[in-house]
Structures are given as structure tokens and as C-alpha cells.
Amino acid sequence: MHPAENRTWSAQFGGHTPVEIIAGFTDALTSTAPQPEADLWHLTAGQGWFIRRAGRDRAALSPDETAVLARVSSLSETPQWRWDIEVSVPISDERRRWIWGASINEAAPPAALAGFVVALTDPAPLLRDGGQTTGHTFGFLDSIRSVVTPEQQRLRHLQQLEAAQRPGPPEQSPASPQPPQGPPRHKRRR
């Protein structure tokens with residue numbers, strides 16, 4: 001993703017990045033509500049992620065140790081900072097299997113970065129219908145069967161985007177079936 005205007009930021013999402021996490025970023029881009037500046041390290045720590053420090057460098061490790069979020073610099077004369085996420089699972093004592101990754105320039109809108117981190121660290125399972133095989137499509141992610149169909153999810157998301165673009169108070173959308181509520185679980189498992 002690149003902004004339409006002449007701003008210098010981009011966001012890249014790997015092929016297996018869960019759509020909910022991408023939507024956390026894109027929904028914040030379209031939101032007209034004022035967003036306070038968020039400390040991304042505080043957001044991750046608030047969801048139980050462990051913040052590791054090595055000198056000036058920091059990284060956040062997910063509670064199940066499958067995801068690492070890091071703020072890294074490019075190797076150039078004028079370094080540009082970006083937020084990288086890598087999700088992988090162990091396959092032996094020393095090796096890991098890469099599942100998906102994403103990278104967002106720090107110059108991206110702060111609300112979009114915060115939306116990405118909030119979606120990334122949300123411990124709720126992903127909603128998938130019976131025809132989606134999470135092991136092959138989304139990596140090692142916990143999921144629950146949803147009573148809301150993918151088409152209903154898509155229509156609900158389109159309604160939210162349209163409402164965000166209209167001036168004035170948001171309209172009430174028709175009620176749709178809600179997914180079953182269970183205890184929160186982490187999106188990634190070992």
C-alpha cells in the first residue's frame with residue numbers, strides 16, 4: 001500500500017497475513033474520528049507481549065512466542081524506520097518455519113500503525129467458516145467456526161467503510177448474527 005498523495009510511506013503485507021490484521025491498518029486509514037497518538041510498545045505490552053531490549057533496539061514477543069514485532073532502520077545514509085512483524089513456528093530446536101510477515105514505514109499515519117498493532121495483538125480467535133482450512137491458508141492460527149458467513153462479513157465491512165466516509169453520526173446497521181463468545185485465545189499457537 002502507498003498513499004495517494006506524495007507522501008513517503010508504504011505498507012507491505014505477506015500473502016498469509018490474516019485479513020483482520022490488514023483491516024486494522026486500513027480501517028484506521030479511512031476513519032474520520034480523531035485518534036490520539038498511541039505508544040505502540042505500550043499497546044503490545046498491554047496485551048501481554050514481552051518487550052525485549054538490546055541496547056537501543058527493542059522488539060515485542062507474542063505470549064505464545066510465534067510473533068516478533070520490531071522497529072528497525074534501513075541501512076542507508078538517511079535511515080528510515082519501519083515496523084516489521086514476523087510470525088513463525090518452531091520446527092526443531094534451532095529452526096523455525098516462517099508463516100507470514102508485514103512491514104510498515106514509520107511515516108505511515110500513526111492511527112493506522114496503532115490500528116495494525118491493536119489488531120495484531122488482539123487475543124480473540126479468527127472467525128472462519130467450515131470451508132477454510134486455517135492450517136494451509138493462514139498458518140498456525142487459532143480460529144473458531146463462525147455463524148457469520150464470509151459474505152456477511154464482507155457486507156458488514158463495506159457498510160463500515162461507507163459509514164466512515166459519510167459526514168454526520170453513524171447510522172445503525174441491521175443486526176446480523178454474532179459469533180459465539182468463548183474465552184479469549186491467542187491468534188497464534190506453538
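Numbers at a glance
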| read-out | value |
| --- | --- |
| Peptides ranked, highest mean first, by Cβ atoms within 10 Å: ranges 21-28, 113-120, 77-84, 96-103 | 113-120, 21-28, 96-103, 77-84 |
| Amide H partners (placed H, <5 Å) of Q80, local residues excluded | S74 |
| Heavy-atom SASA rank of H157, H42 (probe 1.4 Å, accessible area, largest first) | H42, H157 |
| Karplus (6.51, -1.76, 1.60) ³J(HN,Hα), θ = phi - 60°, over region 90-101, in Hz, Gly and Pro reported as x | x, 10, 7, 4, 10, 10, 10, 9, 6, 9, 7, x |
| Cα lying deepest toward the dipole's positive end in region 24-117, options A60, A112, L40, charges on Cβ | A60 |
| Accessible heavy-atom area order of D93, D57, highest first, probe of 1.4 Å | D93, D57 |
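The values are calculated or read from the model by the stated rules, or taken from the named source; none is laboratory data. Keep in mind that this is a model prediction, so the values were computed, not measured. Here the Cβ is made from the backbone with ideal geometry for all residues, glycine too, and neighbour counts use every protein chain on show. Protein only, heavy atoms only, side chains kept; ligands, DNA and RNA dropped before computing areas. Shrake-Rupley method; radii C 1.70, N 1.55, O 1.52, S 1.80 Å.
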